[in-house]
1. Under the condition of being within 16 Å of the ligand (Cβ to nearest atom) and in contact (Cβ under 8 Å) with a residue 24 or more places away in the chain, which residue from the range 587-603 is farthest from ALA662 (Cα to Cα)?
2. How about the range 452-487: which of its residues are in a helix (DSSP H, G or I), of a type in the set (A, V, I, L, M, F, W, C) and surrounded by fewer than 21 Cβ atoms within 10 Å (Cβ to Cβ)?
3. What are the pairs, 6+ residues apart or on separate chains, where a residue within the range 295-310 that is farther than 18 Å from ILE260 by Cβ has its Cβ under 9 Å from a residue that is loosely packed, with under 11 Cβ neighbours inside 10 Å?
4. Can you name every residue in the range 51-83 that is among the β-branched types (Val, Ile, Thr) and outside any helix (DSSP H, G or I)?
5. For the subset of the range 84-116 comprising residues that are assigned to a helix (DSSP H, G or I) and either aliphatic (A, V, I, L, M) or in contact (Cβ under 8 Å) with a residue 60 or more places away in the chain (or both), which member is surrounded by the fewest Cβ atoms within 10 Å (Cβ to Cβ)?
6. List the number of the failed condition for VAL243; all other conditions in (1) more than 28 Å from PRO9 (Cβ to Cβ); (2) aliphatic (A, V, I, L, M); (3) open to solvent by 10 Å² or more (accessible area, probe 1.4 Å); (4) in contact (Cβ under 8 Å) with a residue 40 or more places away in the chain hold.
7. Can you name the residue in the range 513-544 that is within 16 Å of the ligand (Cβ to nearest atom) and in a loop (DSSP other than H, G, I, E, B) and is also most open to solvent (accessible area, probe 1.4 Å) among such residues?
Amino acid sequence: MIERLLSRPVAKRADRVRLTGRVLFLVDDAELIRQQLHGENLPWPPSAPLRDNISTDEITPAYICYYYDDTLGDFPYLGLKAGGEFPITRGSVRAGGFVCSVAGKRRGKGSSREQSPYAEMCAGIQLVIAESIERIYRENCQNLGILTSTDVGLVQKVRRGEEIPLSAFTEGEGDITRGIIEYGGLFQYNVARLQGRVRVPAVATAQRPMTLGEKIIARHWVADPSTERVGAPAVRPGDEGFVRTDIRFSHEYVTPMATIFWEQYVGPDERIVDPGSVFFFRDHLTFLEHAMTEERKQEGLLDVALQLKKKQEEFAVRQGVKLYGELPRLGRMEVRGSEAICHSKILEQHALPGHLIIGSDSHTPHAGAIGCIAFGVGTTAIFNSWLTKDVRLTVPPSVLVRVRGGKPANITAKDFMLQILRHPYVKNGHAIGKIVEYAGDAVEALSVDERATMTNMAAEVGAFTGIVKPDEQVVAFLARERGMHAADVRSMLTGLFSDEGAEYETVLEFDAADLQPMVALPGDPGNGLFITELGGPVKIDIAYAGSCTAGKKSDMDMYARVFRDAAARGARVPADVRCYIQCGSQEVKRYCEEMGYLEIFAKVGAVFIEPSCGACINAGPGVSYDRATVTVSAINRNFPGRSGPGQLYLASPYTTAASAIAGYITAWEPDLVPVPS
Ligand code: SF4
C-alpha cells in the first residue's frame, strides 16, 4: 500500500489563488436568495443580514445524505431557511456559477457530515467565507480542499476576480493545517508526508501542568511515525500533530463515502490498518422505510438510501470489521431495528478511561463520560485513519464548566446542558473547538449515563469534545456493565485528572440549585428557557423519548418513573398525542425488560421501539409531517428540519414524559403528574 502511494504524483497548489465565478450570499431573506439564483449579483454588504447558525442539516438535510457521490452537488443548501422559507431548489446552486458562499456566525454547526462541504464543492463552491466557522465543518472543508476564511474583506476581491495570496487562507494556521491547505486536502498531504515532502515538526512543549484532556492527548501523540513511537511529555494549546487512536468508528451515513475514497485513492484490495479497533454501525436509517414519505419513495430515495447499508456491509465483510448491524425482520412482522446506536455501544462496551476515540459523528464526545478524549471527524479523516490509525489534531484550549450545588429532583443533565447552551459565552460561539471539562459536585453526583448526556451535547456547545474526570462512578459502571474488576479499572485512572495549575481559557460557573426544568424553543438548542418562562401552555402532538442522548438506562429509569406515577393515578397519554420511547441499544432494551418498564410504557400508551437513531435524524417513528406539528423531544438538537418540518422543543427525559401525559409542555413534579384536561 505504502509503495503505491510513494510513487503517486502529488503537488502543492499555486501560491496565489484566483477564483472566477459568482458569490452567493446566504442571507435571511428568501427573495434575495432567489434573485441571486436567477442571476442577479447583490451589493456588498447585502441589504438583509447574513444567516447565522447555518447547520449542516440545512446545507444537506439528512435525506440528501443518502447520496455519497458527486450527485450531492445538486443539493447544497436545500434545507436553508431564509425568512421562514426554503428558497434553494435542486440544481440551482450548481447552475448559478457560484465559487464562493458567504454566511454569518457559526457556519456549519451541528452534525459532522462531510456530505455538506462535499455537496458545496461538487456544486462549484471553492471558498467558504463566514464570520465564524465551526471546527468540524472547517476541518472537513480543509480536508476536501475547500478554502475557508473568516475575513469578509475577501468578498470584494473574489467578486473582482483578483488574485489572493494562498497565505490569506493559511495565516495563523499550524504547520499541518497549512500543509493540508497548500496540498489541497488531507489525503494529498498524507501522501506528501509519506513521500518525505513535508515533515511534521516534533512537539517541543516542556513539562507543564496539564488539563485532563491535554494529558490524554499527550499520551497519544505520534512522536515518530516511522518507529511507531507514541507519547509526548507535554502538550499545550496550539501544538499540532497526529495522535494515535484507540478506536475508530463510523456509521452508514459516512462509511460508504469513505469506502469510495478508499477504493479511489488507495485501492479496493488494500487492507485497513488494525481492523479490530474499527467498528461500523447501521443505526441512522434502520427505520427509514417507515418514516419516508410516499413522495420521496417515488423519487427513488429509499432505494438510494438502501445502497448505504449494502455498501457498508460489503466493505465490513471484505475488511473484517465488526459491524453492529440491523436486526433481522422477525417472521412476517414489521419489527426491526439496530443492534445499537454507535455512541451507546461505544460507551457500553468498548471505550475505556484514557482512550482516544474518533467517530464519524459530532456526538462522539459521548464517551467522554468515562474520561476519554472522543471527538467527531469527517469522512476524509476517517478514511485517512484507516490508512494510518492516526488523526491530525491541534491541541485545543480547555474550558472548565463547573456545576455546583444540589439539584432539585426534577432537574437532569439535559437541563444543565440547556442552561449551559444559553450562556452568552457558549451562545456566541466562544466555546467552539475547545475541550469542555465538566466538573463540580453536581456533575460528580451524576451517573455515568447522565454525564454522557453532558459530554454528548458538547457537540451542541460546538466544542472539540467534552470530558468528565473518571472516578468511582466510572469504576462501578465498568464493573457493573462489563464485569471488569474494580482494581483493574482503578489502575486505568492513574493520572487521569487535571493538574493543579492547569490552564483553562475560561471557567463558567453554574449553580444547580438555581435551575428549573428547561426547554429549548424550536430552531436551536441554545434557545433555552425555564418552562415557567414559556408564557402559557404549549400543546404538543408528539413526545419523542429516545436517541443516543436520551436512550440510555438512566433515561429509561426517568421515563418509567414518570409513567409509573401516571399509571398509578389512572393517567395515560391522551388520544391526540403520540409518544415513542426508543432505546439506544439491545442492552438497554434487555434492561427495560428486566425492570418491567415495557409494561409500564404500554400501560400509559407509549410505544416502545427498537434501537435506531430514527426520529432524531428525521428517519423513524416520531418525526413530524407538517410545520404545525409540535413535538417535545429528549434528543440533543432541534435545528430546522432535524426531525421533520414541525416545531421541535428540546427537553429532559422527565419533562418529555410528563408532557406526554399532560398533552402540553410541563415539568415533572415528583408524585404529581398532570392529568390531561
Ligand atoms: S441518535 Fe441522533 S444524535 Fe445520536 S447518533 Fe443518532 S442521529 Fe446522531
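1. GLU587
2. ALA476, ALA479, ALA486, ALA487
3. Sorted first by the residue in the range 295-310, then by its partner, the pairs are LYS297/ASP303.
4. From the range 51-83, those among the β-branched types (Val, Ile, Thr) are 54, 56, 59-60, 64, 71; that's our starting set.
ILE54, THR60 - these are the residues of the range 51-83 that are among the β-branched types (Val, Ile, Thr) and outside any helix (DSSP H, G or I).
5. ALA95
6. (3)
7. Taking the candidates together, the pick is ASP524.
Residue-wise test of (1) modelled with pLDDT of 90 or more; (2) aromatic (Phe, Trp, Tyr); (3) more than 30 Å from GLY495 (Cα to Cα).
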{"site": "GLY174", "(1), (2), (3)": "no, no, no"}
{"site": "ARG178", "(1), (2), (3)": "yes, no, yes"}
{"site": "GLU182", "(1), (2), (3)": "yes, no, yes"}
{"site": "GLY185", "(1), (2), (3)": "yes, no, yes"}
{"site": "GLY196", "(1), (2), (3)": "no, no, yes"}
{"site": "ARG199", "(1), (2), (3)": "no, no, yes"}
{"site": "ALA206", "(1), (2), (3)": "yes, no, no"}
{"site": "THR211", "(1), (2), (3)": "yes, no, no"}
{"site": "ILE216", "(1), (2), (3)": "yes, no, no"}
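The values are calculated or read from the model by the stated rules, or taken from the named source; none is laboratory data. Worth saying up front: this structure is predicted, and the values here are computed from it rather than measured. Glycine also receives a Cβ, built like all others from the backbone with ideal geometry; neighbour counts cover every protein chain displayed. In case anyone asks, the SASA skips ligands and DNA or RNA and just uses the protein heavy atoms, side chains included. Shrake-Rupley method; radii C 1.70, N 1.55, O 1.52, S 1.80 Å.
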